[in-house]
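To keep things clear, I will list the structure first and then write my remarks on it.
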């Protein structure tokens, strides 16, 4: 095996590990270099207070690709589900809580017309999301040039849209580029229902419900489920870190070498080709191919260096929008918080605080000027309801995505962090009176913290905003959407490439295909 | 800089006088001017033929001040320029000037210009078009600073066989020893008030000649010194028309005439690569990454779309904007003339032209279809033309060092 | 042919209705044009408010009017004259200006004065926006293809579209996709550093649009304001001499020259339907007119929710019409002045005093103006597009007197969901007058009359639903083959013989005359008559 091509994968995020696994399975000599002391990137389980562990960034699994799970035998490598098919509970300040299970309203003050409309809406969204889902395993085509495989790729994409049928195709072309606000306004009456659906669309994005592209973000979220992700929104046993552990085992089982605490300082070049990497420690590793799971800006502008790229390309990369807008809250709780009017059995579902569209819009308005949301919207998980391995007996962990938290210097100070924590706890207290008294420890990660902790430029969960102008053949930027970078032997495999964020594994798999395809060419 | 130019009242003076304007205006007997960016420059002063004759027989002065000038400094200045332009900048030693072109990522030429390596790590980039935005865009990742200094430097092109003699006469001792593309500095006596004059042996005429660089406050004394000492050497001012003749004879390209700057092209396919402008010699693939490198390597493999040629055209009808055909009369259009003139020095009918590949190979028949007017009557001729290599007029004095007095 | 029976009836004498009717009449059809108001013109109207004083009450400047139609219908012979006004200027509260001079070098120098980098960036920006203009201009006088259809006409148009697209080259194709979906703030951020420059340029991205500059989709709106031209100078704007009503007047004159008949004070309340086809229209006064072809110049929402009996239409279609996005976001003040207001920041002799004027500091100011709209009220620091057309056009006011047109963004159609009250209107008026007064000390003392135009007034008078000036939002879901609704972008309605010809159809709002002309082409095609509508000129 010594004469096999040596591939270095920078970053042991789930995509890096998936890429490593596929390349190792194809007989390549693969070394995965991870800066942190554990695998997983942003899909990790960490101890944030003594005895309390939490999925430190992503906290639900909803996009994990079924085909990849099967091909890499993730279950055999230890991946188990603590709880699948989570419902969404939109907490209401004074009214009956809204409980949604896919297209069904299980509880809440929602009239018959809305219930019927939701079923239709959900079915349509799944159908449209499937169009995106079908692209997950494809290397996006270039729109001109690039030969026969590109022409086939473009034709397949067009065919996927066409085969929706005339009416659905029209509707898809109408809604794909627009905003969730208009869609829910034209379809529903219940303010709570509108807001719950709108929040799904803007979760983890730098968008308000009124912003175009929010529909696309929603379709992206649903694309896994629509194309057969088992279990809908689910909690992996042991937290999201367990997903990464399974990917890591799959990679090492396939023969990849994994080195932790080995941060890469620089990607080394020999003429126009990559030669390997230099570690922070000064150690040099030679490689025929380098695949980076780091985000595009970090990979290209920091690890490689703008001077090794051309001006126009650098300009595009610099303007890849990577400003995160979501913070992450972790609370260690003395006991399970009580939500009035919510049956205890539902406390472990996906809880959402976004009571109406104006609430969401106002939360965003503050953040767009670089201010902290006075009343943030929240997506809450209390995983310890289903998974007792995460906290000491009787104690609980609350994990919440907090929106919005702008990535700007003024909003990244200790004072700003304290303010957002206070605002968030106030919101929580109003829905779960007494919760403040149960807090044993807390941690709030602002986008700037996520950037530092998880090496995500801009602190964006998806490595970069998912929008029409940053998806498919435009992700991360035109000229780099086929995983190969304009430096021979360098590839990207992270969420900054097609099909984007979420713990899916597809970018890693596609990048591996791109590496192998280039070898054959 | 004219102090008005940076104030909100700048609109009052749409076009500004150059630092030499007092003198050029007095000499511009025809009062013929045109606008060059922020400034006004003379088209012609008294007689284009005589102005041109001065370039080739005595010496002529052209007010070059409006040319865009950028200063580039900082530890990464050389690395930055090397990534920017297609040639190897490390070969332009301090005290030397290099002609260079720069491309976009598609390998299409944005502009051409000269790089002055003033002192180690300290460069001046001169070009026809403004480039600050592109330079700053390109500077990301480099420790480099850049400023536009167009308005802070007065500049004259001083060209012709007696130019060296005149410079010696105003006090540039040893200027004759400057080799082509050398830079020299001279302390001048008398009216120049002891200031230092930078002289580069460069120019746009293809003849012996220099370019003179100084602070705007010393512009008029410099002009006066040249005309005082130059009188017996036949000095004359020249306008753009005379310069245009000389540069076509030299076979030099001009942006917006012979090529469309890639960053300003509405239709990208109308821009040209260096190979398509016969500037392949300025592309150095031996150095590492530079803008356009990947596209140009690809172009070398795939072949270029156009060939840029210098044509000698039969007859004496100037082939302005002529179509080039591959056969007499009923042939197919294979290209267009970009610049054309009757060459007074080579005594031939010359043109620069862009031809579709593969036309312009040795042995290819080429015919120019020329429309021209005499006494308001239009005529058309179809005449053969021939591709020639190098400049149409290339006197040995252009390169001879030490430079002769005439 | 019996009385009251026509070959075609056009409902609404806006400029598109007039254009459409003119082409139909020119083809030899007997055409009736019905107008609800006592005057014609829709939103392209000039009305005398007192002897010697005329306002362009709604639309006020001209650039998009298709020159092909201007020429083809000989509008010059019918009295239309468009005069360029040459640029515009933004005044800041610190007393500085950002001049948008018509002369490129001056404009560049002005940008460079604020930010050296932005001066050069302006050149690149102009080139890239011009690439987009050159792409869209050939599409304006064409009927959008139905991408789901396999009919030869649609396939031909799809091929034309994809050819135009391919001509751009790979890099510009990507730029185009990005351009059509980005926010104007992000787009400008890729070129410029100066917040003032970005704010000033963002204006074209939000005029008439219920979106802030940070909202994706606003970059395209900018193009919609750049793609016109005055005599080939793309992006230039001008005045119609005599006000925008002059456009309608010239079109009406052309229409009549082909034998067309206009009836005013004819408020059409119902399109008469028999089975699957239209048979005529009924007016509020009881008059009925018969025709096998009925064309509506009204906006799609008004057309299908007011002129049709919902039982005549498919429920899904009615839902689409109801959900058509047509949000009012703009208002206007027309102000009669006893003299010329002074703007000290600008000075008395700056040529830009003839152009459009804005009062801005930053992008965030414009975005906050949008937040006010979202919150159900008019902007407290609105974006103004202010002009004094009477400085250029001597026909509008008595000599020495002036008319000021002040377009205001953002103004909602209701105040916190409730109808506008006189008090609201007064508050709105004062917000705008105070803002102008802060930049022009003598302005308020010169005011002799103010006409306040809020979206509800525009709706009541012109008929535009919600007072939306484009007859429907210019957003991705309502553009090209999606305008007004997917499957109905080819000017044909859901009933045989029924057509739309207003700005609610492709290519959208502005005094362009393209929708009216395109609709005429489709109608003549259906009637198997030779096409008379000119092709767009080849734009190279």
Only one of these conditions is not met by residue A:174: (1) away from chain C (no Cβ under 14 Å); (2) farther than 30 Å from residue A:376 by Cα; (3) modelled with pLDDT under 95. Which number is it? (1)
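Quick check on segment A:429-446. Is at least one of its residues away from chain C (no Cβ under 14 Å), more than 27 Å from residue A:175 (Cα to Cα) and under 18 Å from the mean Cα position of the chain (by Cα)?
We begin by selecting, within segment A:429-446, every residue away from chain C (no Cβ under 14 Å); these are A:429-446.
After this cut, where a residue has to be more than 27 Å from residue A:175 (Cα to Cα) as well, the list is A:429-446.
Adding the requirement that they be under 18 Å from the mean Cα position of the chain (by Cα) leaves A:445-446.
Yes, segment A:429-446 contains a residue that is away from chain C (no Cβ under 14 Å), more than 27 Å from residue A:175 (Cα to Cα) and under 18 Å from the mean Cα position of the chain (by Cα).
Condition check ((1) buried (at least 24 other Cβ atoms within 10 Å of the Cβ); (2) closer than 23 Å to residue A:248 by Cα) across all residues:
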| residue | (1), (2) |
| --- | --- |
| A:441 | no, no |
| A:448 | no, no |
| A:453 | no, yes |
| A:456 | yes, yes |
| A:481 | no, no |
| A:496 | yes, yes |
| A:501 | yes, yes |
| A:505 | yes, yes |
| A:511 | yes, yes |
In a helix (DSSP H, G or I) and under 28 Å from residue A:236 (Cβ atoms): which single residue out of A:420, A:398, A:444, A:440 fits that description? A:420
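Here's the yes/no breakdown for (1) crowded, with 23+ Cβ neighbours inside 10 Å; (2) closer than 24 Å to residue C:89 by Cβ:
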residue: C:186; (1), (2): no, no
residue: C:198; (1), (2): no, yes
residue: C:212; (1), (2): yes, yes
residue: C:229; (1), (2): no, yes
residue: C:237; (1), (2): yes, yes
With the structure loaded, tell me whether residue A:415 is modelled with pLDDT of 95 or more, in a helix (DSSP H, G or I) and closer than 28 Å to residue A:313 by Cβ or whether it fails that test. no
Residue among B:82, B:6, B:31 that is surrounded by fewer than 20 Cβ atoms within 10 Å (Cβ to Cβ) and modelled with pLDDT of 95 or more: B:31
So which residues in segment A:361-373 are within 12 Å of another protein chain (Cβ to nearest Cβ), touching a residue at least 24 places away in the same chain (Cβ under 8 Å) and part of a helix (DSSP H, G or I), if there are any at all? A:361, A:364, A:365, A:366, A:367, A:368
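Can you tell me which residues in segment A:285-309 are within 14 Å of chain B (Cβ to nearest Cβ) and in contact with a helix residue (DSSP H, G or I) (Cβ under 7 Å, 6 or more places away or on another chain)? It would help to see each step written out before you state the result.
As a first pass, look at segment A:285-309 and keep what is within 14 Å of chain B (Cβ to nearest Cβ): A:297-309.
Result: A:297, A:298, A:300, A:301, A:306, A:307, A:309.
Sort through B:283, B:309 and tell me the only one that's more than 14 Å from chain C (Cβ to nearest Cβ) and over 17 Å from residue B:359 (Cβ atoms).
B:283
Would you mind stating whether residue B:146 is in contact with a strand residue (DSSP E or B) (Cβ under 9 Å, 6 or more places away or on another chain), assigned to a strand (DSSP E or B), surrounded by 17 or more Cβ atoms within 10 Å (Cβ to Cβ) and within 14 Å of chain A (Cβ to nearest Cβ)? Spell out how you get there, then give the answer.
Numbers: in contact with a strand residue (DSSP E or B) (Cβ under 9 Å, 6 or more places away or on another chain): yes; assigned to a strand (DSSP E or B): yes; surrounded by 17 or more Cβ atoms within 10 Å (Cβ to Cβ): yes; within 14 Å of chain A (Cβ to nearest Cβ): yes.
Answer is yes for this residue.
Please work out if residue C:409 is buried (at least 23 other Cβ atoms within 10 Å of the Cβ), within 30 Å of residue A:468 (Cβ to Cβ), touching a residue at least 60 places away in the same chain (Cβ under 8 Å) and touching a strand residue (DSSP E or B) at 6+ places or on another chain (Cβ under 9 Å). Steps first, answer last, please.
Details: buried (at least 23 other Cβ atoms within 10 Å of the Cβ): yes; within 30 Å of residue A:468 (Cβ to Cβ): yes; touching a residue at least 60 places away in the same chain (Cβ under 8 Å): yes; touching a strand residue (DSSP E or B) at 6+ places or on another chain (Cβ under 9 Å): yes.
For residue C:409, the condition - buried (at least 23 other Cβ atoms within 10 Å of the Cβ), within 30 Å of residue A:468 (Cβ to Cβ), touching a residue at least 60 places away in the same chain (Cβ under 8 Å) and touching a strand residue (DSSP E or B) at 6+ places or on another chain (Cβ under 9 Å) - is met.
Which of the residues spanning segment B:80-115 are outside any strand (DSSP E or B) and within 11 Å of chain A (Cβ to nearest Cβ)?
Kept after step one, since they are outside any strand (DSSP E or B), are these residues of segment B:80-115: B:80-84, B:86-95, B:104-108.
Passing the criteria: B:80, B:82, B:83, B:84, B:104, B:105, B:106, B:107, B:108.
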Any residue at all in segment C:56-64 that is in a loop (DSSP other than H, G, I, E, B), surrounded by 22 or more Cβ atoms within 10 Å (Cβ to Cβ) and facing chain B (nearest Cβ under 10 Å)? no
When segment A:315-355 is checked residue by residue, the ones that are within 14 Å of chain C (Cβ to nearest Cβ) and either touching a helix residue (DSSP H, G or I) at 6+ places or on another chain (Cβ under 8 Å) or at pLDDT below 95 (or both) are A:315, A:317, A:318, A:319, A:320, A:321, A:322, A:323, A:325
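Only residues that are part of a loop (DSSP other than H, G, I, E, B) and more than 14 Å from chain A (Cβ to nearest Cβ): list them for segment C:476-493, please. Spell out the reasoning first.
The first filter runs over segment C:476-493 and keeps only residues part of a loop (DSSP other than H, G, I, E, B), leaving C:479, C:483-491, C:493.
Correct list: C:491, C:493.
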Would you check if there is a residue in segment C:4-16 being in a loop (DSSP other than H, G, I, E, B), crowded, with 18+ Cβ neighbours inside 10 Å and touching a helix residue (DSSP H, G or I) at 6+ places or on another chain (Cβ under 6 Å)? no
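Scan segment B:55-66 and tell me whether some residue there is closer than 30 Å to residue B:10 by Cβ and surrounded by fewer than 22 Cβ atoms within 10 Å (Cβ to Cβ).
The first filter runs over segment B:55-66 and keeps only residues closer than 30 Å to residue B:10 by Cβ, leaving B:61-66.
Within this subset, residues satisfying the condition of being surrounded by fewer than 22 Cβ atoms within 10 Å (Cβ to Cβ) are B:66.
Checked against the condition, which is being closer than 30 Å to residue B:10 by Cβ and surrounded by fewer than 22 Cβ atoms within 10 Å (Cβ to Cβ), segment B:55-66 yields at least one hit.
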Out of A:312, A:282, A:271, I need the residue that is more than 13 Å from residue A:485 (Cα to Cα), over 27 Å from the mean Cα position of the chain (by Cα) and away from every other protein chain (no Cβ under 12 Å). Which one? A:282
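Kindly provide the set of residues from segment C:356-384 that are part of a loop (DSSP other than H, G, I, E, B) and either within 13 Å of chain A (Cβ to nearest Cβ) or modelled with pLDDT of 95 or more (or both), ordered by number. Walk me through it before giving the result.
Going through segment C:356-384, the residues part of a loop (DSSP other than H, G, I, E, B) turn out to be C:360-362, C:375-382.
Correct list: C:360, C:362, C:375, C:376, C:377, C:378, C:379, C:380, C:381, C:382.
Going through A:196, A:211, A:242 one at a time, which residue ends up being within 14 Å of chain C (Cβ to nearest Cβ), crowded, with 24+ Cβ neighbours inside 10 Å and touching a strand residue (DSSP E or B) at 6+ places or on another chain (Cβ under 6 Å)? It would help to see each step written out before you state the result.
Working: A:196 fails: within 14 Å of chain C (Cβ to nearest Cβ); A:242 fails: within 14 Å of chain C (Cβ to nearest Cβ).
Sole residue among the options that is within 14 Å of chain C (Cβ to nearest Cβ), crowded, with 24+ Cβ neighbours inside 10 Å and touching a strand residue (DSSP E or B) at 6+ places or on another chain (Cβ under 6 Å): A:211.
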Wholly within segment C:71-160, strands (runs of 3 or more DSSP E) carrying at least 2 residues that are more than 24 Å from the chain's Cα centre (by Cα) and within 11 Å of chain B (Cβ to nearest Cβ): C:97-100
For segment A:467-479, which residues satisfy the criterion of being more than 9 Å from chain C (Cβ to nearest Cβ) and surrounded by fewer than 24 Cβ atoms within 10 Å (Cβ to Cβ)? A:472
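One line per residue, one yes/no per condition, for (1) in contact with a helix residue (DSSP H, G or I) (Cβ under 9 Å, 6 or more places away or on another chain); (2) crowded, with 24+ Cβ neighbours inside 10 Å; (3) under 17 Å from residue A:288 (Cα atoms):
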residue: A:7; (1), (2), (3): yes, yes, yes
residue: A:12; (1), (2), (3): yes, yes, no
residue: A:16; (1), (2), (3): yes, yes, yes
residue: A:38; (1), (2), (3): yes, no, no
residue: A:45; (1), (2), (3): yes, yes, no
residue: A:52; (1), (2), (3): yes, no, no
Residues located in segment B:116-143, provided they are more than 23 Å from residue B:281 (Cα to Cα), out of contact with any helix residue (DSSP H, G or I) (no Cβ under 6 Å at 6 or more places or on another chain) and more than 14 Å from chain A (Cβ to nearest Cβ): B:118, B:119, B:120, B:122
Leading residue by the ranking (farthest from the other protein chains (Cβ to nearest Cβ)) among those in segment C:318-334 that are buried (at least 19 other Cβ atoms within 10 Å of the Cβ) and over 13 Å from residue C:509 (Cβ atoms): C:334
Here is a list of conditions, (1) in a loop (DSSP other than H, G, I, E, B); (2) closer than 22 Å to residue A:65 by Cβ, and residue A:109 meets all of them except one; can you say which number that is? (2)
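The values are calculated or read from the model by the stated rules, or taken from the named source; none is laboratory data. Quick caveat, the model's predicted, so the values are computed rather than measured. Here Cβ is always computed from backbone atoms with ideal geometry, including for glycine, and neighbour counts include all displayed protein chains.
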